[in-house]
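Asks: I have a structure here, written as structure tokens, and I will follow up with some questions on it.
Please treat every number below as a calculation from the coordinates, not as lab data. Keep in mind the model is a prediction, meaning the values are calculated, not measured. No Cβ is skipped: glycine too gets one built from the backbone with ideal geometry, and neighbour counts run over all protein chains shown.
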Number of protein chains: 2
Amino acid sequence: MRYVVKMRDKDNVAIALHDISKGTVIDGGITVNDNVPQAHKIALVDVPKGGSVLRYGVVLGYAKEDISKGDWINENSLILPKSPALDELEYGTEIDEDLPEPPRKTFMGYEVPGNEYAGTRNILGIQTTVQCVVGILNVAVKRMKEELLPKYPNVDDIVVISHAYGCGVAIDAPEAKVPIRAIRNIMKNPNFGGELMVVGLGCEKLTPDKIMEKRDINDDNFLLLQDHPGLKPIMAAIMEMAEKKLKVLDKRRRVELPISKLSVGMQCGGSDAFSGVTANPAAGYASDMLVQGGATVMFSEVTEVRDGVPFIAQRVLDKPNCDKLAKEMSWYDNYLQAGGVDRSANPSPGNKAGGLSTIVEKSMGSIAKSGAAPVSQVVSAGEIPSRHGLIFNATPASDFVCGTMQLASGMGVQVFMTGRGTPYNLEAAPVIKVCSRTDLKDFWKGLIDINAGSIATGEKTVQEVGTEIFNMIIDTASGKKPVAEDLGLFNDICIFNPAPIT
Amino acid sequence: MRYVVKMRDKDNVAIALHDISKGTVIDGGITVNDNVPQAHKIALVDVPKGGSVLRYGVVLGYAKEDISKGDWINENSLILPKSPALDELEYGTEIDEDLPEPPRKTFMGYEVPGNEYAGTRNILGIQTTVQCVVGILNVAVKRMKEELLPKYPNVDDIVVISHAYGCGVAIDAPEAKVPIRAIRNIMKNPNFGGELMVVGLGCEKLTPDKIMEKRDINDDNFLLLQDHPGLKPIMAAIMEMAEKKLKVLDKRRRVELPISKLSVGMQCGGSDAFSGVTANPAAGYASDMLVQGGATVMFSEVTEVRDGVPFIAQRVLDKPNCDKLAKEMSWYDNYLQAGGVDRSANPSPGNKAGGLSTIVEKSMGSIAKSGAAPVSQVVSAGEIPSRHGLIFNATPASDFVCGTMQLASGMGVQVFMTGRGTPYNLEAAPVIKVCSRTDLKDFWKGLIDINAGSIATGEKTVQEVGTEIFNMIIDTASGKKPVAEDLGLFNDICIFNPAPIT
Ligand SMILES: [Ca+2]
Ligand SMILES: [Ca+2]
Ligand SMILES: [Ca+2]
Ligand SMILES: [Ca+2]
Ligand SMILES: [Ca+2]
């Protein structure tokens, strides 16, 4: 029987996989000195008073008193490390270039001329400039799926990029740049194959020049309902443009491509005490393999990682990106404060009962899904990275908002870690669901792709499940459908709009 | 030929229905002294320097110099009236109780036990606590529409109340009360017949106690996906609850009811220079008939009416509601300011070219759709009024957000005035489209219900078109489908959330 799991080589604590009774001799022949609850920490070595307690390779805190090998370490055992201010972040001090080799170096994707990333699906994306057009577009898309899509069998789907932005908004508000950037960039997602189809009304504030290149604003790519005399001509114009695009998209074929053409998003939601022990570290291992293979991997969720920011900064390669990291965090601090919300950063009683002793430990569980690779770039929500490798993409943690904003940043596949279970999926890119506990995989039949709970039961290692996730990413990118895609479960597109509605 | 239109009896200006050349003798035998562009104002009497210029029965400004009968009055002719501060608003000074009698006093609606308002449609509404569940619900609703709905022919539709709220939000932010109130109240819309069906995930922040009465939180009305072992049991539970609700709803029958059981929302969008001349005043006349008949009529769109607030206040019946009006306006001023936006209140060059001389005149065009009735109550966005009559419902102007929030306030029919044209409609309640110009009705075939442009051409009066709108409201409330409903065009539900996303 396996009792504990150690997250990183340099850690001096391990995590209890079950409730462990005092006196039990665990992995490595250590005798446990206390009754230790599941998901809590056990000292692997003696730690003198004032010594560092390390999990995820970082200092969670310093020993209040001498800690003996086998002791239970909880929130009462630790003095918090000083949290450096955002303007004092150190960068580049923990650059780990020794990443695991990916077992496969290629996938079968759709190349897009001029795009850094290749598509994982072949989708006609129809961008809207305003919610007004959605009623007509939904009817049109139903007709397209019945009348047109069967004629173009190489096209997987038709997706309307629906949003409540575009009008009735403060278009010149400073933060309007966030939704506008997202709307502009989501059209460039490689799954849409570089084909543009933009449908507007005609009197909205979000004019085409705000979201399209001048050369693209023409009758081939852009139509306004108010330019067409009535419903029949509108429908005819939409159907005609769609069919032209479908004809082009239908010629796309999957080809073998290096994984450097792949962009993968990492996210978690409904986390539990085991998310940071099983699912997130395994995803982090897959992430490291992807990065080692030259792919782009994004992790996000500002509010989740906020208190571990110094440990992200240490992995950032250069000063401009460290400064950008600080700027994004500070932007979000201000955004929450303006909304009358404090960060509620301290672990809740539930977190502590779940073994999370400090605010740093809580954030590190979320950051674990980014593996150990250096952070090559920090981007704003909805921005497209200009570098490959590991990217911190500063989106909200909200599942659908994070997913939408990662789509705008070019994501072809998302990996989603869950402790509680969610049917979450995106229509524009497939989402792989990884659960943190075997219970959930067993209970929620048919809704979870990969069980990382096998790490907790000792059946598999983080590396094994990580490799499984890596392989599923490659298979999914190459066309295999995760469960939610297979079942046709899709969440709404939810663009992040921090600017006022008018 | 008819040259001008006068908005109210006490006005001393009329509006040019076409470009009018100097020297033309217009209605009432007045000779025009200037070349007057369409939609601009012409003096009907001599106005001495400092005298009031009245349109919509209110002072737009004071004459800079002596104005002669037949003169063109534009932004250069007027000195602005002092705009009173929000804490100095006068109420109750312009109470007009002499409203037009409605030609019909009843409609055929669906009574809802315990609800002030009767339904205009018979719909199964499925409330979500979080976007996570929408993927599964969409699949379930497709099945319901194929397998269940045909068995219950008295039920019109099944509507998922989808929103991006519920998780990944600052649930305790001060302004979170706005979306929470809207989600709670939209379920009570009379078109859902008092039946509750709430679907959640299980780990979201928007717990059922936040949106339901304690007595309603039970297995009959509320289910969590995480409580069911896998997709098949989830689907079975959803389908079973839906069928139970459909059985109850199918027993509903339309009965003849007094129009006091009706709640009507007024809104405009894509306005032009004629909206305030034709469509909005005609809608205001219909509104007055409804109010006279004891119905509830809501007008909204804070940013649109902001600069005419003193003229709303004058029609407010009591101090508490005048104070509430000031509070809502001031809340919105602060909300915009926090987002870095100023009110951009002055008429734009386009507005001025369209004949709108002052910020008051611009707002009065929007307020015109509220007719002349007293304002019996002011409510916050998403709040359910406790009085009948004319209600100012302080929602954003954004079409889909205003529509959604009016649904939450109990609206059974919306009337939507448009100058530019929009296919906008709501799935949970029908929307009647009224256009401001005959051009648009002719051009946008099959997308507009009523042409108020016939007022500008002189074919009809405001009273005639107003009566036409009134009759269409009664017919629509009784089951007749406006064009957009008949075509199945529906916009997304867009809940107003001024609180931060996390
Ligand atoms: Ca390493
Ligand atoms: Ca998340
Ligand atoms: Ca939708
Ligand atoms: Ca009167
Ligand atoms: Ca509007």
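Asks: Based on the alpha-carbon gyration tensor of the range A:206-249 and its eigenvalue square roots a ≥ b ≥ c, which shape applies: rounded if a/c is under 1.5, prolate if not and a/b is larger than b/c, or oblate? Before the final figure, lay out each step's value.
Replies: On the way: a/c = 2.95, a/b = 1.18, b/c = 2.50.
Note, shape of the range A:206-249 comes out oblate.
Asks: For A:Glu65, place a label point 7 Å from Cα along the Cα-to-Cβ direction in every copy; what are the distances to the other copies, in nm, shortest first?
Replies: 9.4
Asks: Give the distance, in whole Å, between the Cα centre of the range B:354-420 and the Cα centre of the range B:158-191.
Replies: If we compute the Cα centre of each part, the gap is 21 Å.
Asks: Sticking with this one: What value, in deg cm²/dmol to 500, does the helix sum -39500 (n - 2.57) over DSSP H runs of n ≥ 4 give at 222 nm once divided by the residues of chain B?
Replies: It comes out at -8000 deg cm²/dmol, rounded to the nearest 500.
Asks: Roughly speaking, what is the centre-to-centre gap between the range A:467-502 and the range A:217-280 when only Cα atoms are used, to the nearest Å?
Replies: Distance between centres, Cα-based: 12 Å.
Asks: Continuing with the same structure: Rounded to a whole number of µm²/s, how large is the Stokes-Einstein D of the range B:315-378 at 20 °C and 1.002 mPa s, given Rh as the Kirkwood radius over C-alpha pairs?
Replies: Numbers: Rh = 13.7 Å.
Result for D is 156 µm²/s.
Asks: Share of Cα-Cα pairs in chain B beyond 36 Å, in percent? Kindly include the intermediate steps, with their values, before the conclusion.
Replies: Numbers: 41290 of 125751 pairs.
More than 36 Å apart: 33 percent of the Cα pairs in chain B.
Asks: Can you list, shortest first and in nm, the gaps between the label point of A:Pro48 and those of its counterparts in the other copies, using a point 7 Å from Cα in the C-beta direction?
Replies: Listed shortest first, these distances are 9.9 nm.
Asks: Angle, helix B:177-186 long axis vs. longest principal axis of chain B, Cα atoms, 0 to 90°, nearest 10?
Replies: 70
Asks: Using the Karplus curve 6.51 cos²θ - 1.76 cosθ + 1.60 with θ = phi - 60°, work out ³J(HN,Hα) for each residue of the range B:227-242 in order, rounded to whole Hz, and write x for Gly and Pro.
Replies: Each residue's phi maps through the Karplus curve to give 7, 10, x, x, 5, 4, x, 4, 4, 4, 5, 5, 5, 5, 5, 4 Hz.
Asks: Taking amide H atoms as placed 1.01 Å from N in the peptide plane, list the residues 5 or more away in sequence, or in a different chain, whose amide H sits under 5 Å from that of B:Ile211.
Replies: none
Asks: For the range A:258-487, what is the per residue volume of the convex hull drawn over the alpha-carbon atoms, in cubic angstrom? List each step's numbers first, then the result.
Replies: Details: hull volume 26.1 nm³, N = 230.
Normalising the Cα hull of the range A:258-487 by residue number yields 114 Å³.
Asks: If one puts a single equal scatterer on every Cα of the range A:119-249 and applies the Debye formula without solvent, what log₁₀ I(q)/I(0) results at q = 0.10, 0.14, 0.18 Å⁻¹?
Replies: Computed log10 I(q)/I(0) values: -0.30, -0.59, -0.97.
Asks: Could you work out the percent of alpha carbon pairs in the range A:4-82 separated by over 21 Å, rounded to a whole number?
Replies: On the way: 551 of 3081 pairs.
So the pairs more than 21 Å apart make up 18 percent of the total in the range A:4-82.
Asks: What is the mean projected area of the alpha carbon convex hull for the protein assembly as shown, to one decimal in square nanometres?
Replies: Working: hull surface 162.0 nm².
That works out to 40.5 nm².
Asks: Could I ask something else about it? Return one number: the angle in degrees, 0 to 90 and rounded to the nearest 10, between the long axis of the Cα atoms of helix A:134-143 and the longest principal axis of the Cα atoms of chain A.
Replies: Taking the Cα atoms of chain A, the angle to A:134-143 is about 80 degrees.
Asks: Would you mind counting up the charge near B:Thr467? Only other residues with Cβ under 15 Å from its Cβ, with Lys and Arg at +1 and Asp and Glu at -1. Mind dumping the intermediate values first?
Replies: Values: positive: B:Arg104, B:Lys105, B:Lys460; negative: B:Glu101, B:Asp288, B:Asp449, B:Glu459, B:Glu464, B:Glu468, B:Asp475.
Once positives and negatives cancel, what remains is -4.
Asks: On to the next question. Average the reciprocal distances over every distinct pair of alpha-carbons in the range B:1-138, invert the result, and give the Kirkwood radius in Å. List each step's numbers first, then the result.
Replies: Numbers: mean 1/r = 0.0508 Å⁻¹.
Evaluated on the range B:1-138, it is 19.7 Å.
Asks: For a quick check: with amide H placed at 1.01 Å from N, whose amide H comes under 5 Å from B:Gly265's, ignoring anything fewer than 5 positions away on the same chain?
Replies: B:Met298, B:Gly412, B:Val413, B:Gln414, B:Val415
Asks: Just for the protein assembly as shown, what percent of DSSP beta bridges are antiparallel, to the closest 5?
Replies: Working: 46 of 119 bridges.
If I count the DSSP bridges inside the protein assembly as shown, around 40 percent turn out antiparallel.
Asks: Please order A:Met329, A:Met417 by the number of other Cβ within 10 Å, starting at the fewest.
Replies: Numbers: A:Met329 21, A:Met417 31.
Arranged by neighbour count, lowest to highest, A:Met329, A:Met417 become A:Met329, A:Met417.
Asks: Using modelled amide H (1.01 Å from N, peptide plane; none on Pro or chain starts), what sits under 5 Å from the amide H of A:Ile126, excluding residues fewer than 5 places away?
Replies: A:Val159, A:Val160, A:Ile161
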